[in-house]
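The values are calculated or read from the model by the stated rules, or taken from the named source; none is laboratory data. Predicted, not measured: the structure shown is a model, and the values here were computed from it. Glycine also receives a Cβ, built like all others from the backbone with ideal geometry; neighbour counts cover every protein chain displayed. For accessibility, only protein heavy atoms count, side chains too; no ligands or nucleic acids. Shrake-Rupley method; radii C 1.70, N 1.55, O 1.52, S 1.80 Å.
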Amino acid sequence: MLSFEEVKVKLESVGQSHVLRFWPELSAEERGAFLAELSQLEPAELERHCRGAAEAASRSSGEEERLRGRMEPLEPEFIGGVRRSDPGSLQEWEEEGFSQIAQNKVAVLLLAGGQGTRLGVPYPKGMYDVRLPSGKTLYQIQAERIRKVQELANEKHGSKCTVPWYIMTSEFTLEPTEKFFKQNSYFDLDPSNVLMFEQRMIPAVGFDGKIILEKKNKIAMAPDGNGGLYRALVDNKVLEDMERRGVQYLHVYCVDNILVKLADPLFIGFCVKKGADCGAKVVEKAYPSEPVGVVCRVDGVYQVVEYSELEPEIAEQRLPAGELVYNAGNICNHFFTRDFLWKVALNFQEQLKQHVAIKKVPFVDEEGNTVKPTKPNGIKMEKFVFDVFQFSKKFVAFEVLREDEFSPLKNADGAPVDTPTTVRRSLLAQHYRWALQAKAVFLDEHDNPITSEYRAAQDDDPPAVCEISPLVSYFGEGLEKLLKHRKLKSPFLLNDSNVKS
Ligand SMILES: CC(=O)N[C@H]1[C@@H](OP(=O)(O)OP(=O)(O)OC[C@H]2O[C@@H](n3ccc(=O)[nH]c3=O)[C@H](O)[C@@H]2O)O[C@H](CO)[C@@H](O)[C@@H]1O
């Protein structure tokens, strides 16, 4: 750790010494913690960051305008998908995926460093309980899907495989996530195969290019975006760990999608068979302003244009048949080969674009009180995980059905979409459909069979509550032998123990 004098000189050299203005008022303990934080800032990098943020925020034309005339949608024939591809190919890809999993070549990586500001809970989103009958949290559902996909691969290939789970956290999420996993005995996964690591934090900057002081002894810091992954892979030697384990393919996903298929054998197999180094799952966009990025081409290169950077007029463009032109919605499920990640880590991660987010950042006033601003006052710079697609030699996109694979938790209840209520409904609706496909019969409160049709896309809750543990079925398979012609009363919970009993 540097001394106060050394830190002062460093900060003065880059015009940021204002952060020390409350120094005389700090206690010895506060001083120690603050010095430790400030010692970590690297002057040249700090200067670049602050200047870059202020310049980027003041540029007259936004990203939206710069993209004008340069975007093209994906060619339909470029996209594989559950509806687009023939059943033979789908089966072949799924088998390929299971084979790779059985050979220990597949890992999953969870992006869990975000602050989940829109949901507004003070703990990591993965710990959120969406009030399913089982009371499972997002983390538990994900852990159980990993266990099940391992089991399925083992059954098919007579193996005893492992799908390691890498979890990228940040200063906000590491400690509570670790604690939660320990309290829950890692959901019966082997702790040596659950590997948490931390992404970096960077200072939030005011419009004048000055670092924002959040408390008298704390600068406002934020994670460097989910594209901070590539630097975090290097910082934490994650690729070396993958290499040691023989992992060649990585499924990267974001924390909040309750329907996520971890290590999806179909998607993995598709990407492997196509010889891809990089891939993205997409769903058809629901409406023009839906907050999802669109996978497309910019200057002929495959990329995601984030929803915050897409001009409304472009988002609203439609084909003669009514379909949105930019229709391939990014669901933050990506495939990467380990070789590709090495290439990015060694050659490109420094070049990743910095995206500007103008936010309300709490700050200290002249009296030293923390103020929550009512209007945006600061700039946060973020890298995006998908910005590496441009470095790919072979990029592929795979379309999946929204009702089967995408229902994210973004907002608190009360918002119209992507809330605890909507994600719970999506999961229960899927399980209800699976049970019907397995020829189960649900009974109403008078014990009469429910015969009403239930359409997946409708907004209502399914006519009966049915939750199926991921430990019983990964994606609807294997249910007929358990449920065929069974008469089920709502709420029905199919879990590991009532299957075995
Ligand atoms: C940049 C990015 O990927 N955007 C995608 C993200 O948007 P969206 O804006 O919803 O992204 P979030 O802020 O929810 O972040 C996505 C994931 O990245 C993680 N995270 C975020 C910031 C950070 O510094 N560290 C970190 O690990 C979050 O914990 C989360 O798991 O999901 C949407 C689908 O739901 C996609 O359509 C968007 O294209």
List the lysines whose alpha-carbon lies under 27 Å from that of Lys487, not counting same-chain residues fewer than 8 positions away? Lys136, Lys148, Lys439, Lys500
Once amide H atoms are placed 1.01 Å from N in the peptide plane, what residues at a sequence separation of 5 or more from Gly293, or on another chain, have their amide H within under 5 Å of its amide H? Tyr307, Asn330
What length, rounded to one decimal in nm, is gained on full extension from Tyr287 through to Glu175, with 0.36 nm per residue of separation minus their alpha-carbon distance? 36.6 nm
When the convex hull of its Cα atoms is projected in every direction, mean area for region 24-111 (nm²): 13.6
Between Thr451 and Ser27, 0.36 nm times their residue separation minus their Cα-Cα distance comes to what? 145.6 nm
Using just the helices of the chain, give the 222 nm mean residue ellipticity in deg cm²/dmol: DSSP H runs with n ≥ 4 each add -39,500 (n - 2.57), and the total is spread over all residues, rounded to 500. -9000 deg cm²/dmol
Once Rh for the chain is found with the Kirkwood sum over Cα pairs, what is the Stokes-Einstein diffusion coefficient at 4 °C and 1.567 mPa s, in µm²/s? 53
When averaged across all projection directions, what area in nm² does the alpha-carbon convex hull of region 1-154 cover? 17.9
Cα gyration tensor category, rounded, prolate or oblate, for region 311-428 with a/c compared to 1.5: oblate
Over the chain, give the accessible area per residue in Å² for a 1.4 Å probe, as an integer. 45
Using alpha-carbon positions, what is the distance between the centroids of region 333-395 and region 247-272, in Å? 22
For region 407-500, which trypsin sites (Lys or Arg not before Pro) are in a loop by DSSP, counting at most 14 other Cβ atoms within 10 Å? Lys439, Arg455, Lys484, Arg486
How compact is region 260-326 by the rule of thumb for globular proteins, expressed as Cα Rg over 2.2 N^0.38 Å? 1.29
Ignoring ligands, DNA and RNA, what percent of the accessible area of region 1-79 is carbon or sulfur (1.4 Å)? 50
With a bin width of 10 angstrom, please list the P(r) values of region 165-304 as percents of all Cα-Cα pairs, from the 0 bin to the one holding the largest distance. 9, 27, 36, 22, 7, 0
Sorted by mean Cβ packing within 10 Å, highest first, what order do the peptides 291-302, 64-75, 381-392 take? 381-392, 291-302, 64-75
Hey, which lysines would be in cross-link range of Lys218, C-alpha to C-alpha under 26 Å, not counting anything within fewer than 8 residues on its own chain? Lys8, Lys10, Lys125, Lys179, Lys210, Lys359, Lys360, Lys372, Lys375, Lys380, Lys383
Give me, ordered by chain and number, the residues 5 or more places off Ala440 or on other chains with an amide H under 5 Å from its own placed amide H. His485
At a 1.4 Å probe radius, carbon and sulfur cover how many percent of the accessible area of region 306-396? 50
